[in-house]
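The values are calculated or read from the model by the stated rules, or taken from the named source; none is laboratory data. Remember, it's a predicted structure, so these values are computed and weren't measured experimentally. Neighbour counts are summed over all protein chains in view; Cβ atoms, including those assigned to glycine, are modelled from backbone coordinates with ideal geometry.
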């Protein structure tokens, strides 16, 4: 591929493909794309000069030299079939990622949870340090107002997604693994297959590349130990494993929603930081970022200042609004461990009186595979509303339903758990029952954050 060529992105509205489009656009390619509907990210690309079509049509690829398709786009898509008939080269996401990262020093952030926050925080630290990285983040960074950007430095920071083995298109210089748990049952039949993909990803580190491993997680600790046995570079972090090289002590949530802690390397304090994020899990993410930043020569004081000025990411513990004493939060958590960690953080937040968890289960496959884990994940919530399942890439099939899991949560977690149906019914329940002092956390990788806007209108009398 050569800058100046016309590249067409099929499925341009999602975080992953819009990021690829943004990188290509900012490096001089003529970019067009299509999707079933626009998103804020594809709308931004359109405003900046890319051509974005609503809907897929053979005419959209007239004059195109290369087509890049999302993992979610099937081979029978009309634009792909037309490109094939015309002899236009077609890339999938993994190939495109491999192509756009070539020639950079790649820092890849992988793991079941925490990828987006860790990638965004690292990007912010490196930007503030003047290293000017190119970056791709799986969410909207509040500091840069976008999910991707082209820098003038040699570094490329990228969220390394395991779904569809996308991360196997990377050859990193540094690889962070935040944690590893079973997920994505639609593409990984069991934990063994998921571990195999992560092992292959680690094997693709460049010679003498560094693995940055969270040894609080048993699977990641095993990767780190195996690499140490091979005599290859590893940097470890954690807040519970005493063998971790980098750790944090005196962890304390503040009324402002930040977290204070002492950052230590080999039990030697580097100093206190005030991280503009909540929860122990984000302290772990910050440890990974500190390791990489120090590897790149960023002074501790710069790291601490950047931790304090980090603006967060959309839909990651994002406070949507506060009104009449009610705090409304949007969180992307959709795996049991992530849900549990998010609710624990909000339950410990000074000022939280009654905690509502509004959970939109994400895919029937995940719900069936992890139903027992989901049922036990809501112990820190007082009230739980379970909406209809947000189903993508699948048919509903047989097995557990939202109504069933609501009862399981009630029996396992002790919370007042109810099935609340669609988004409108869920909003009505909240409008009738929320009180001053309540915190409502919408846990969703789908469209449930709409509940926050619907409730705001009701509370404000619109």
Q. Which ones in segment 340-352 are surrounded by 23 or more Cβ atoms within 10 Å (Cβ to Cβ) and touching a strand residue (DSSP E or B) at 6+ places or on another chain (Cβ under 7 Å)?
A. 342, 343, 346
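Listed here are the residues, each with its yes/no results for (1) under 17 Å from residue 440 (Cα atoms); (2) crowded, with 22+ Cβ neighbours inside 10 Å; (3) in contact with a strand residue (DSSP E or B) (Cβ under 9 Å, 6 or more places away or on another chain).
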residue: 284; (1), (2), (3): no, yes, yes
residue: 297; (1), (2), (3): no, no, no
residue: 308; (1), (2), (3): no, no, yes
residue: 312; (1), (2), (3): no, yes, yes
residue: 331; (1), (2), (3): yes, yes, yes
Q.
Could you check segment 353-391 and list, in sequence order, the residues that are under 15 Å from residue 185 (Cα atoms), assigned to a loop (DSSP other than H, G, I, E, B) and in contact with a strand residue (DSSP E or B) (Cβ under 8 Å, 6 or more places away or on another chain)?
A. 361, 363
Q: Among the residues of segment 411-427, write down those that are surrounded by fewer than 17 Cβ atoms within 10 Å (Cβ to Cβ) and in contact (Cβ under 8 Å) with a residue 24 or more places away in the chain.
A: 411, 414, 416, 421, 422, 424
**Q.** So residue 197, is it within 22 Å of residue 233 (Cβ to Cβ) and either surrounded by fewer than 16 Cβ atoms within 10 Å (Cβ to Cβ) or touching a strand residue (DSSP E or B) at 6+ places or on another chain (Cβ under 9 Å) (or both)
**A.** no
Q. How many residues are part of a loop (DSSP other than H, G, I, E, B) and under 23 Å from residue 352 (Cα atoms) when one looks only at segment 394-431?
A. 2
Q: Output the number of residues of segment 41-84 satisfying the condition of being more than 30 Å from the chain's Cα centre (by Cα) and surrounded by 19 or more Cβ atoms within 10 Å (Cβ to Cβ).
A: 5
Q) Within the bounds of segment 432-445, is there any residue that is assigned to a helix (DSSP H, G or I) and at pLDDT 95 or above? A) yes
**Q.** Condition met for residue 28 (under 25 Å from residue 119 (Cα atoms) and buried (at least 20 other Cβ atoms within 10 Å of the Cβ))
**A.** no
Q | The one condition in (1) surrounded by 12 or more Cβ atoms within 10 Å (Cβ to Cβ); (2) touching a strand residue (DSSP E or B) at 6+ places or on another chain (Cβ under 7 Å); (3) modelled with pLDDT under 95 that residue 37 fails to fulfil | A | (1)
Q. Is it the case that residue 213 is under 22 Å from the mean Cα position of the chain (by Cα) and part of a strand (DSSP E or B)?
A. yes
Q: Determine, yes or no, whether residue 21 is in the same structural domain as residue 123 (by TED's automatic domain parsing) and touching a strand residue (DSSP E or B) at 6+ places or on another chain (Cβ under 6 Å).
A: no
(Q) For the structure I just gave you, tell me whether residue 203 is out of contact with any strand residue (DSSP E or B) (no Cβ under 8 Å at 6 or more places or on another chain), within 14 Å of residue 176 (Cα to Cα) and without any contact (Cβ under 8 Å) to a residue 12 or more places away in the chain. (A) yes
Q: Assess whether residue 107 counts as being assigned by TED's automatic domain parsing to the domain that holds residue 30, touching a residue at least 40 places away in the same chain (Cβ under 8 Å) and touching a helix residue (DSSP H, G or I) at 6+ places or on another chain (Cβ under 9 Å).
A: no
Q. Restricted to segment 381-401, and to residues that are under 23 Å from the mean Cα position of the chain (by Cα) and surrounded by fewer than 21 Cβ atoms within 10 Å (Cβ to Cβ), which residue is nearest to residue 424 (Cα to Cα)?
A. 388
Q. (1) surrounded by fewer than 17 Cβ atoms within 10 Å (Cβ to Cβ); (2) touching a strand residue (DSSP E or B) at 6+ places or on another chain (Cβ under 9 Å); (3) modelled with pLDDT of 95 or more; (4) more than 29 Å from residue 402 (Cα to Cα): which one isn't true of residue 276, the others all being true?
A. (1)
Q: Output the residues belonging to segment 1-15 that are touching a residue at least 24 places away in the same chain (Cβ under 8 Å) and out of contact with any strand residue (DSSP E or B) (no Cβ under 8 Å at 6 or more places or on another chain).
A: 3, 15
